[in-house]
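What follows is one structure encoded as C-alpha cells, with my remarks underneath.
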Amino acid sequence: MAQQRPRKFKAEPYDWHEIVELKIEGLSNLGAGIAKPDGWVVFVPFALPGEKILAKVWRNEANCSHADLVEILELSPDRIEPRCPHFATCGGCQYQHLPYEKQLGWKTRQVQELLSHMVGIEAKVNPTVPSPKQWGYRSKITPHFQRPKPGEDFPIGFLEFNRRTRLVDIYNCPIAMDEINEALQPIRDDVKSRAAEYRKGATLLLRATEDRVETDHRAPVSEKVENLKFHFLAGDFFQNNPFILDSFTKHAAEQAEGPNQKYLLDAYCGSGLFGLSLAKNFERVVGIELSETSADWARRNAKTNGIENASFIASSAEDLFADITFPPEETSIVIDPPRKGCSVDFLNQLFAFGPSRVVYVSCNPATQMRDLKSFLEKGYEIESIQPFDLFPQTRHLECVIALSRQC
C-alpha cells in the first residue's frame, strides 16, 4: 500500500517523496549519511561518505530534510556486504556495511564534532578503543512481539528501522552471543505454542550468564569483570559487552586517580561496577543510588568479593550528597547517568559538593556534551576524552571524559 502524503507535510525545499540525487559527505551521530546540496542538509540512513545516490524525501524540517536511500549510483570503496540479512530493515544496527576500522574512525570523529558544535571548543579526542569482539558480543537481547491474533503467525523480533510498531521477525542476531542465538529458536517455539495465553504483546529477555541463558527478569545472574564477580537481576541494567569491560573499568580507574585522591564517590552506582572495580585504589568508596534494590545488590557484591572499604547508600534525589563527609579536594567521583544525562538538580548538588576530579561515563555523547558545558563553566578542565566501542556494528558508543579542578 502506497504511503499517503502527511497533511502537515512542508513541501520546501523538496516535495513529498521527491527523488533527489545527492553526494554523501559524512555521517551523523545517529549513523545517517549527510549530504549538503546547495548548503542544505539531507540525512539519508545507510548511505556512506563518498557515495552518489538517489534518495526519496519524506520530511522537511526548519534546517534539514530526511530521505530514504533508493539507489546507489557510485559506491563507496569502503562499502562491504552486511552479515545480517535484516540489516537496513531491522533498527538495531547502522554500520554493518562499513569495515570495523572505519566504524571506529567515524565514532571518534562524531565525538569530536559534538564537542565542537555543542560545547564550542576544540580538544583532543583519543581514538576509540575497539571491542575485542565485533560480532557475537552482546550478552543480552530483548525481542518483542505484539498481541497474537487467533490462528495467525506473528513476528518475534525487533522494531523495523524508523517504525514505531512494525517488527522484524528475528531467528538469529549476529551481534548476540552464540549461546543466546542457540536458545532463541526454542524460546520462540515455546511462545508460539502458547500464543492463546497472551492477552497483549510482551518483551522477552535472553541474558547469557555463566552456563545458561536466563529468561526470567527477576532471576539473579552474574558477570565477571577482571577478578570480581557481580550479581544482579537479569532484567536490570548491566553493560552488555562483557569482552571490553576489563579495559573499560581499568581506564576509569586510571582517570579517577590523582596525587591527592583518597576517596571515591560512585553516583548512579547500580550494582557497583565502577565503585567496586576501583575500590582497590582508594581508602574509602561510597556508592550512591536512588534505588534501594540496586544499592542492596551493590552491598552484596562488595561482600561476595571481600571488599570492605566500599559502602552503598540509597539517597533521595533532592539530597544525594547529604551523608558524604569526604573532603572534596581529596575526592573523585564517577558518574554514569542514563541516556538523558544528568539533571540540573544533580549537577547543582555535585557542584556544591565540589569534588576535585570527575570521571563522566556516558552512552550518549550528545547529552554528555550538554553537561560538559556546565562543568567547564564551574571551573573544571578536561584532562582526557576517551571513546570506547561497546557496541560494534551500531552507532552507539561509551565515552569517558576525565575532568579536574583546583579546590
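In table form, for the structure just shown:
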| quantity | calculated |
| --- | --- |
| Subset tally (residues that are small (G, A, S) and in a helix (DSSP H, G or I)) for the range 105-121 | 2 |
| Strands (runs of 3 or more DSSP E) lying entirely in the range 185-292 (those with 3 or more residues that are more than 27 Å from G157 (Cβ to Cβ)) | 220-225, 228-233, 263-267, 284-289 |
| Residue among K56, K140, K52 that alone is modelled with pLDDT of 95 or more, within 22 Å of V168 (Cβ to Cβ) and either touching a Lys or Arg at 6+ places or on another chain (Cβ under 6 Å) or among the small types (G, A, S) (or both) | K140 |
| Options A253, A267: the member that is at pLDDT below 95 and either buried (at least 19 other Cβ atoms within 10 Å of the Cβ) or out of contact with any His (no Cβ under 8 Å at 6 or more places or on another chain) (or both) | A267 |
| Qualifying positions in the range 165-202 - within 26 Å of D68 (Cβ to Cβ), among the charged types (D, E, K, R) and touching a residue at least 12 places away in the same chain (Cβ under 8 Å) | D169 |
| Any hit, the range 62-75, residues being over 32 Å from the mean Cα position of the chain (by Cα), surrounded by fewer than 16 Cβ atoms within 10 Å (Cβ to Cβ) and touching a residue at least 40 places away in the same chain (Cβ under 8 Å) | yes |
| In the range 361-384, residue surrounded by the fewest Cβ atoms within 10 Å (Cβ to Cβ) [restricted to those that are touching a Leu at 6+ places or on another chain (Cβ under 7 Å) and closer than 30 Å to R138 by Cβ] | A366 |
| Residues satisfying the stated conditions in the range 179-231, i.e. in contact with a Pro (Cβ under 7 Å, 6 or more places away or on another chain) and under 29 Å from A302 (Cα atoms) | E223, H231 |
| Restricting the range 147-164 to residues that are in contact (Cβ under 8 Å) with a residue 24 or more places away in the chain and touching a strand residue (DSSP E or B) at 6+ places or on another chain (Cβ under 7 Å), the residue that is farthest from E101 (Cα to Cα) | F154 |
| Among the residues listed as L233, L290, the single one being surrounded by fewer than 19 Cβ atoms within 10 Å (Cβ to Cβ), over 24 Å from Q386 (Cβ atoms) and not charged (D, E, K, R) | L290 |
| Only one of A322, A298 that is at pLDDT 95 or above and more than 20 Å from S404 (Cβ to Cβ) | A298 |
| Where a residue in the range 366-391 is closer than 13 Å to I121 by Cβ and its partner, wherever it lies, is basic (K, R) and surrounded by fewer than 16 Cβ atoms within 10 Å (Cβ to Cβ), with Cβ under 9 Å and at least six apart | I382/K124; I385/K124 |
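The values are calculated or read from the model by the stated rules, or taken from the named source; none is laboratory data. Predicted, not measured: the structure shown is a model, and the values here were computed from it. Glycine gets a Cβ as well: all are built from the backbone with ideal geometry, and neighbour counts include every protein chain shown.
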